[in-house]
Structure formats: C-alpha cells, structure tokens
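Before any comments, here is the structure.
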Amino acid sequence: MHKPIRIIKDDPRVRLTQQVNLTSAIRAALLTLPEKFTETELFERIARISYGGDIRMLLPAENPHKVGNIVKKQGPQFKELYYRLVTGLPGVYWKDHCTSIVQDTSPIARLAHLRKLPSGLLKGVASPPLNAEDSTEYWAQLSARPDLASLIESGKFIRFFPKFQVPMPL
C-alpha cells in the first residue's frame, strides 16, 4: 500500500492503517536518504522498500525498471499521497511548489525516525536492552551509525549492545 491505490470501500480503519503504513515507509526512506534529495528520489525509495519483499523483483522476467516506471507515471499521485505526511514530520522541509526536499540528518532526528519504525522492522534492526539507561545509549549509538542507511536498504540488520564495540554487519 505504499503506492497510490484506489480504496474500493471507504472504511476509517483502512484509512488510519494506510496513514500509519505510509508514514512508516516515509520514515524508513528518510533514514536511507541524504540531507537533500528530490521528491522523485523519495518516491522511488518508498516504492523500492515496498517492492523489496516481492519475490517477483528477483526474477529475471520482471522489469528491473519497474519502480522507476511506476513513480514516473504516477508522480503527481505520489505527491498527493505523501506531501502532507512528509511535511508533518519534524525536521523535514518541502515547499509545495518545489521538487527538492531537505531533512535534518542529525543523530537526534534519525533517532526519532528509527524509534517510530514498525516493531516488525525494528525486530530485525534492533534488540535494545531492558535497562532504561542502557536502552537510551543503545538507540543513540544505533541512530549515529554512519552505515545505518545501507543496513536498512540492504536488509542486513544487526543487533548490538552499547557497552561493547558496535559490530559491523557481515
């Protein structure tokens, strides 16, 4: 549900679930994007995340440009779907008439996005300690990792404990 879709039967629960899902996709995409990027890059990253779990994308019969083609054909619909949600997030600046977006990429801003990712994704990314003090340090170290974007993009998530040196992924 990360690309523009038509909801056949309007139901408030479906709409709420969709908004939460879209916001989670935005947060994951923002964690993989630099400080400055275009709306097309954002939409392609979101669509790529969506299709990342689709086995068909691994098949040689699938068009390798599928994500780009979808975004190119539905750019205005993507903007309509995501603009309000993106501009509602703290530290993200996107003027209505512009195609460029700027975000705060500080560890604190990344931490805010990381902590609000869905628990299913976080389960693969993180295994925080139960102790509140250690947990705070854990999340701070994870959000400051320079390779966090590549870990999220590749799905090679790691688990670490902050009292030890942070291991690099295999």
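The values are calculated or read from the model by the stated rules, or taken from the named source; none is laboratory data. In this text the structure is predicted, and so the values were computed from the model without any measurement. Positions of Cβ are generated from backbone atoms using ideal geometry, with glycine treated the same way; all protein chains shown enter the neighbour counts. Note: accessible area is taken over every heavy atom of the protein model, side chains too, but ligands, DNA and RNA are not part of it. Shrake-Rupley method; radii C 1.70, N 1.55, O 1.52, S 1.80 Å.
Scan region 89-99 residue by residue and report those that are open to solvent by 60 Å² or more (accessible area, probe 1.4 Å) and either in a loop (DSSP other than H, G, I, E, B) or touching a residue at least 24 places away in the same chain (Cβ under 8 Å) (or both).
Scanning region 89-99 gives P90, K95, D96, H97, T99.
Take region 70-88 and flag every residue that is closer than 17 Å to Q103 by Cα and open to solvent by 50 Å² or more (accessible area, probe 1.4 Å).
Passing the criteria: Y83, R84, T87, G88.
Would you confirm, using the coordinates I've provided, whether Y93 is under 19 Å from E39 (Cβ atoms), hydroxyl-bearing (S, T, Y), touching a Leu at 6+ places or on another chain (Cβ under 8 Å) and at pLDDT 90 or above?
no
Checking the condition modelled with pLDDT of 80 or more, of a type in the set (D, E) and either surrounded by 12 or more Cβ atoms within 10 Å (Cβ to Cβ) or under 17 Å from the mean Cα position of the chain (by Cα) (or both), which residue from D147, D134 passes?
Of D147, D134, the one residue that is modelled with pLDDT of 80 or more, of a type in the set (D, E) and either surrounded by 12 or more Cβ atoms within 10 Å (Cβ to Cβ) or under 17 Å from the mean Cα position of the chain (by Cα) (or both) is D147.
Taking I49, is it in a helix (DSSP H, G or I) and modelled with pLDDT under 80?
For I49, the condition - in a helix (DSSP H, G or I) and modelled with pLDDT under 80 - is met.
When region 19-45 is examined, which residues are found to be in a helix (DSSP H, G or I) and open to solvent by 10 Å² or more (accessible area, probe 1.4 Å)?
Residues satisfying the conditions are Q19, V20, N21, T23, S24, R27, T32, E39, T40, E41, E44, R45.
Name the pairs whose Cβ atoms lie under 6 Å apart, with the first residue in region 100-118 and over 22 Å from Q18 (Cβ atoms), the second acidic (D, E) and part of a loop (DSSP other than H, G, I, E, B), and 6 or more positions between them or separate chains?
Note: pairs meeting the criteria are T105/E35.
If you take the residues in region 58-88 that are closer than 18 Å to A47 by Cβ and assigned to a loop (DSSP other than H, G, I, E, B), which one is modelled with the highest pLDDT? Walk me through it before giving the result.
Let us first name the residues in region 58-88 that are closer than 18 Å to A47 by Cβ, namely 58-59, 62-83, 85-86.
Right, trim to assigned to a loop (DSSP other than H, G, I, E, B) and you get 59, 62-65, 74.
On the way: L59: 69, E62: 72, N63: 74, P64: 75, H65: 81, Q74: 88.
If we take residues in region 58-88 being closer than 18 Å to A47 by Cβ and assigned to a loop (DSSP other than H, G, I, E, B), then Q74 is modelled with the highest pLDDT.
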